Amino acid sequence: MAIISKGRSLASELGIKLEAIALGHNIDGIEKKLYKYGVDIVHKGDDKRLAPYLTLPHASIVTKLFEKEKPRIGLFGATSVGRDLAPRVSSKLKCGLTADCTELVIGDYLDRKNKKTY
């Protein structure tokens, strides 16, 4: 649950809601567990076809959800599933991906070449 704790910290800093995705089968009550860790919204897909993990269906669901919700940041665990899913979602959405990130900080960025602060 460390990734949820980091997500909670980032969401609080950005003043946004922390959302989680739970996909699988027989996952009744998962949202109650996630709410205890500070998740505000749970997007849940419970279907026997979602267990075990299959790359293409899961990537499609997460990509469509990201297209709809437009999250500012997406965190994926450094698990075999996360390492399979994150690059596929990133590629489909044509967005950045940082793998094996051990620290993520929100702050200003100075582009010295263009003399702009983001």
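The values are calculated or read from the model by the stated rules, or taken from the named source; none is laboratory data. Keep in mind that this is a model prediction, so the values were computed, not measured. As a convention, Cβ positions derive from the backbone with ideal geometry for all residues, glycine included, and neighbour counts pool all protein chains shown. Please note that ligands, DNA and RNA were not included when accessible areas were found on the heavy atoms of the full protein model with its side chains. Shrake-Rupley method; radii C 1.70, N 1.55, O 1.52, S 1.80 Å.
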Item to check | Net dipole in debye of the chain [+1 Lys, Arg Cβ; -1 Asp, Glu Cβ; about Cα centre; nearest 20] | outcome: 340
Next on the checklist: Using a 1.4 Å probe on the protein heavy atoms only, what accessible surface does residue 105 show? Give it in Å² to the nearest 10.
Outcome noted: 110
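Which chymotrypsin sites (Phe, Trp or Tyr not before Pro) in the stretch 1-90 sit in a loop by DSSP (not H, G, I, E or B) and have at most 16 other Cβ atoms within 10 Å of their own Cβ?
Those satisfying the criteria are 37, 53.
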Checklist entry - With every protein chain left in place, what is the accessible area of residue 55 in Å² (1.4 Å probe, nearest 10)? => result 40
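Protein chains only, probe 1.4 Å: how do 34, 93 rank by accessible area, largest first?
93, 34
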Checklist outcome for this item: So the carbon and sulfur contribution to the accessible area of the stretch 1-41, 1.4 Å probe, in percent, is 54
Checklist entry - When only C-alpha pairs under 8 Å and at least 6 residues apart count, what is the relative contact order of the chain, in percent? => result 21
Checklist entry - Given 110, 63, 45, which one lies farthest toward the positive end of the charge dipole of the chain, if we put +1 on the Cβ of every Lys and Arg and -1 on the Cβ of every Asp and Glu? => result 110
Checklist entry - Okay, helix-only estimate at 222 nm for the chain: each DSSP H run of n ≥ 4 adds -39500 (n - 2.57), divide by all residues, round to 500 deg cm²/dmol; what do you get? => result -13000 deg cm²/dmol
Checklist entry - How much length is gained on full extension from residue 94 to residue 117, taking 0.36 nm per residue of separation minus their Cα-Cα distance? => result 5.9 nm
